[in-house]
Every structure is written in structure tokens, then in C-alpha cells.
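Chemist: First the structure, which I've put down as C-alpha cells, then a few questions once you've had a look.
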Amino acid sequence: MTEAALLNLAPAPAATRTGTAASERFLVLDSWRGICALLVALFHFPTTSMISQSAFVGGSYLFVDFFFVLSGFVIASSYGSRLGEPDGFASFALVRFGRIYPLHLLMLTAFAGFEAVRLVLPALHGTGSAPFTGGFDVRSLIANLFLLQGMGVEDQLSWNAPSWSISAEFFTYLLFAGVVFATGKRAWIWFMAAAVTAPFFLLAFSTRHMDVSFDFGFIRCLYGFSLGALLAWFQHDSIAEARQAMVGGAGRIAWTLAELVMIAVIGMFVSVAGTNDAGIAAPVVFALALYLFAHEGGLVSALLRSRPLLLLGSLSYSIYMIHIFVQARMINIGGLIERKLGFGIVGGMTLRGDQVAGFGVGSPWIGFAAIVAMLIAVIVASWFSWRLVEMPALAWFRRLSKRI
């Protein structure tokens, strides 16, 4: 797959506001995060099906920016008033590190282990580069271990390609904490400046529109994060008050219509803007969507508060970090079967103008079946990593942070 086709994002943890008299949780935003995670997984999965070939899925890399906006909203809501002291800064950095790094390290280990297996099993070499070369070399491994893969030190996506976004996001966390610690209530001025200048920077220096990652990923993250933080600082209280005053009847119908219109706007925007400079507006579109759905006023929001979708939101970080590995191993297995049986399961194809190896060269229905199998496999694997890695590690780092 090309570098552009390996984009992904790392979500923030559950959208909550702490440090207030009453904790405010945005359940609908949790569910949206899970949905967007699966859309990015679809974007990365090459098949001949109409789903993979659609303009909407082709532009779904833009949902990375939804996560950046949501992350800014969550972090500013939760920590904006708790970073005035050095110990608050240290505790914040430790918890954020504990949120993202354990699973990142696990997936790096999985990819490195597979490269080692490729050394001893030539059948797994395929038509790609030799083991531990290209984006899987030792130098890039070191950059990934230090979370530098999204900070402009690499010349391509490397190892677990989606992790460029957690690299950019982690350093954005540190910048946010530093600015708030240094400037206090004036922090919004700096993030307003970032939100205004970042899109012009990307338009001036990127030839791939909004589709940047290892090169300008930090700028892209800072753009969306800043908009989310500004939304939290200036609109969080009004959203909370509106939610408390929410009533049914005509008000519920109006909110439902607004939610449906916003979904249609997002669908059209992603379909049209994914291949041109209009994609630079993605963080703005997603900030508007976040503002609307944070009210949780319509029937769409009621559906998004269902337990299956909330669980999907809980699994979202694992989905992001695991799905490329699962997809690649599916293609490896499909390729082995194809060489033995020749059913047209896996082969070369054109996807968004690129030549890739994917599912369904014999029939688009094979590609559709592969999509279903991939989504199930990713969700199941994500549940295990969430329960066995994410949550235990985060709990441990939170306990550690309280000792600071």
C-alpha cells in the first residue's frame, strides 16, 4: 500500500469533563469515535468491492482529523484548569503516555516479530521488500520507540503506520500542557493562532492536501486539536446547560433533523474533499459536528448511546492500532491460499490510482466477504487488547501519577 493509504489516528480516551462539581460525559462522542475508527479501517483495506472503491471510503482518511478535534475538546475540558502546577504537568504527561504507549509498544513488537518470521520463512516474503528494510528498518524502529515517527524525522510511514498520529498527538499534549502552565487563562490566544495559521502552512508546504502524516503530522494534529480546545474553552458550559434544559417533543424533532443533516454534510464533504484542497476544512466540519452531537439532543444521539456503539467507542484506540496488522496478515494468508488454489481471492488491483495487493480480484463479492471478515477480526482482537493491555496499563499509570 502507498504511504497515503496507510493513514490512521489515535483517539483520546473517553470524552469526559473532570475538575467540576459534576462530571460531564459525552457518550455520543465516544460512539462516534468507534464509528470513525472502523471507517478508517475500511479506508486501509484494499478490495474490489463497491465499498472500497467508493469516494466516501476513499476520503475517509479525513476522519483522523475528527479524532484530533475530539482530543482537543476532551483534553481542554478535563485538564485545562489543572495544569497550573509542575506536579499537575508531570501527572498529566504520565497519564497520557500510559494511555497510548503500552499498546503502541505491543504492536511494534508484533510487527518486529513478523519481520523476524519473514527472515526464516521465504514464503512470506511476497513481492514486497526484504525483511527489516524499507519502512521496517532498525533506524525507523528506534524512531517509533521514541514516538518520533509523526514528527518529521522519517521520510515515509514506518512499522505500525497508524501510529504516526499518536506520535503527533503525544507531543501536542505536551505542548498544550506547557502553554497552559506558562500562560494560564491566556492559553486560548496561542491555540487560536495555531488554528488560524496551521491550515495555511499545510496548503503552502504540502503537495498532498490534508493527506499528511510522517512529514507534517504534528501540524495537522495541532490544527484539529486547537479547534477542539477552543470549542471546549468557549462552549463547554453552554453545551452542558443546553443538555440539562433539553426536552422532548418538537425540540427532539429539531435536533434529530439537525443531526441527520450533519451526517449528510459529513458524507458529502468526505466524498468530495478527500482528493483536493477542500479537505483542509475537515477539522472545521468535524468541530461543528462535535458541537452538535455533544448536545445529544436527537434520536440519532439516542441510537449512538446504545451499548454496542458505546462498546465500539471503548475499543476505538485498539481498532486504530491493530487493524493494519490484522489486514496485512489476512492478505498474507489469502495470498498463500491463492497460490495453492487460485480462487481469485487475493491479487493485484488498482485502488484510488495505486497498484496494491487486495481481496476480490476474482469477484467483488469476495472483496465484500473479506471486508466483513476483516471488521469482525479487528473488533474481536481489539476487545482482547482493550481488556488485557489498554485498561490494565492505564490503571497502573494512573496509580503511579497519584504518587507524584
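Chemist: (1) under 18 Å from the mean Cα position of the chain (by Cα); (2) at pLDDT 60 or above; (3) more than 19 Å from His104 (Cβ to Cβ): which one isn't true of Ala4, the others all being true?
Modeler: Of everything listed in (1) under 18 Å from the mean Cα position of the chain (by Cα); (2) at pLDDT 60 or above; (3) more than 19 Å from His104 (Cβ to Cβ), Ala4 misses just condition (2).
Chemist: So, of the residues in segment 357-379 that are more than 16 Å from Arg329 (Cβ to Cβ) and in a helix (DSSP H, G or I), which turns out to be most open to solvent (accessible area, probe 1.4 Å)?
Modeler: Trp365
Chemist: Determine which member of the set Phe171, Phe132 is assigned to a loop (DSSP other than H, G, I, E, B) and either closer than 17 Å to Gly224 by Cα or more than 17 Å from the chain's Cα centre (by Cα) (or both).
Modeler: That would be Phe132, the only listed residue that is assigned to a loop (DSSP other than H, G, I, E, B) and either closer than 17 Å to Gly224 by Cα or more than 17 Å from the chain's Cα centre (by Cα) (or both).
Chemist: May I ask you to verify whether Ala182 is open to solvent by 40 Å² or more (accessible area, probe 1.4 Å) and either closer than 26 Å to Ser77 by Cα or outside any helix (DSSP H, G or I) (or both)?
Modeler: yes
Chemist: Then there is this: Quickly run through segment 213-252 and pick out the residues that are touching a Ser or Thr at 6+ places or on another chain (Cβ under 7 Å) and at pLDDT below 90.
Modeler: Ala232, His236
Chemist: Return the only residue of Leu292, Leu303 being free of Cβ contacts under 8 Å to residues at least 60 places away in the same chain, more than 20 Å from Leu38 (Cα to Cα) and not in a loop (DSSP other than H, G, I, E, B).
Modeler: Leu292
Chemist: Continuing with this model, one more query. Looking at segment 78-89 only, could you name the residues that are in a loop (DSSP other than H, G, I, E, B) and surrounded by fewer than 19 Cβ atoms within 10 Å (Cβ to Cβ)?
Modeler: Residues satisfying the conditions are Ser81, Arg82, Gly84, Glu85.
Chemist: Quick check on my filter: what residues within segment 258-283 are open to solvent by 70 Å² or more (accessible area, probe 1.4 Å) and either of a type in the set (Lys, Arg) or assigned to a helix (DSSP H, G or I) (or both)?
Modeler: Within segment 258-283, Leu260, Val261, Met268, Val272, Asp277 qualify.
Chemist: Also, I was wondering about something else. When residues of segment 313-356 are filtered for being open to solvent by less than 50 Å² (accessible area, probe 1.4 Å), of a type in the set (A, V, I, L, M) and not in a loop (DSSP other than H, G, I, E, B), how many remain?
Modeler: Number of matching residues: 12.
Chemist: When the residues of segment 185-215 are narrowed to those that are touching a residue at least 12 places away in the same chain (Cβ under 8 Å), open to solvent by 40 Å² or more (accessible area, probe 1.4 Å) and not aliphatic (A, V, I, L, M), which ends up farthest from Thr275 (Cα to Cα)?
Modeler: Trp188
Chemist: Read through the list (1) part of a helix (DSSP H, G or I); (2) open to solvent by 50 Å² or more (accessible area, probe 1.4 Å); (3) out of contact with any strand residue (DSSP E or B) (no Cβ under 8 Å at 6 or more places or on another chain), then give the number of the only condition that Arg403 fails.
Modeler: Going through the list (1) part of a helix (DSSP H, G or I); (2) open to solvent by 50 Å² or more (accessible area, probe 1.4 Å); (3) out of contact with any strand residue (DSSP E or B) (no Cβ under 8 Å at 6 or more places or on another chain), Arg403 breaks only (1).
Chemist: If you scan segment 391-400, which residues turn out to be open to solvent by less than 70 Å² (accessible area, probe 1.4 Å), more than 19 Å from Leu311 (Cα to Cα) and either not in a helix (DSSP H, G or I) or not aromatic (Phe, Trp, Tyr) (or both)?
Modeler: Passing the criteria: only Leu400.
Chemist: In the set Phe146, Phe92, Phe68, which member is open to solvent by less than 10 Å² (accessible area, probe 1.4 Å) and over 21 Å from His323 (Cα atoms)?
Modeler: Of the residues listed, the single one that is open to solvent by less than 10 Å² (accessible area, probe 1.4 Å) and over 21 Å from His323 (Cα atoms) is Phe92.
Chemist: Any residue at all in segment 231-249 that is open to solvent by less than 20 Å² (accessible area, probe 1.4 Å), closer than 28 Å to Leu147 by Cβ and touching a residue at least 60 places away in the same chain (Cβ under 8 Å)?
Modeler: So far as segment 231-249 goes, yes, one or more of its residues are open to solvent by less than 20 Å² (accessible area, probe 1.4 Å), closer than 28 Å to Leu147 by Cβ and touching a residue at least 60 places away in the same chain (Cβ under 8 Å).
Chemist: Can you find even one residue in segment 380-390 that is under 25 Å from Phe67 (Cβ atoms) and either in contact with a strand residue (DSSP E or B) (Cβ under 9 Å, 6 or more places away or on another chain) or outside any helix (DSSP H, G or I) (or both)?
Modeler: No; the residues of segment 380-390 include none that is under 25 Å from Phe67 (Cβ atoms) and either in contact with a strand residue (DSSP E or B) (Cβ under 9 Å, 6 or more places away or on another chain) or outside any helix (DSSP H, G or I) (or both).
The values are calculated or read from the model by the stated rules, or taken from the named source; none is laboratory data. Since the structure is predicted, the reported quantities are computational estimates derived from the model, not experimental observations. Quick reminder, even Gly has a Cβ in these numbers, built from the backbone with ideal geometry, and neighbours come from all protein chains shown. Heavy atoms of the whole protein, side chains included, go into the accessibility calculation; ligands, DNA and RNA do not. Shrake-Rupley method; radii C 1.70, N 1.55, O 1.52, S 1.80 Å.
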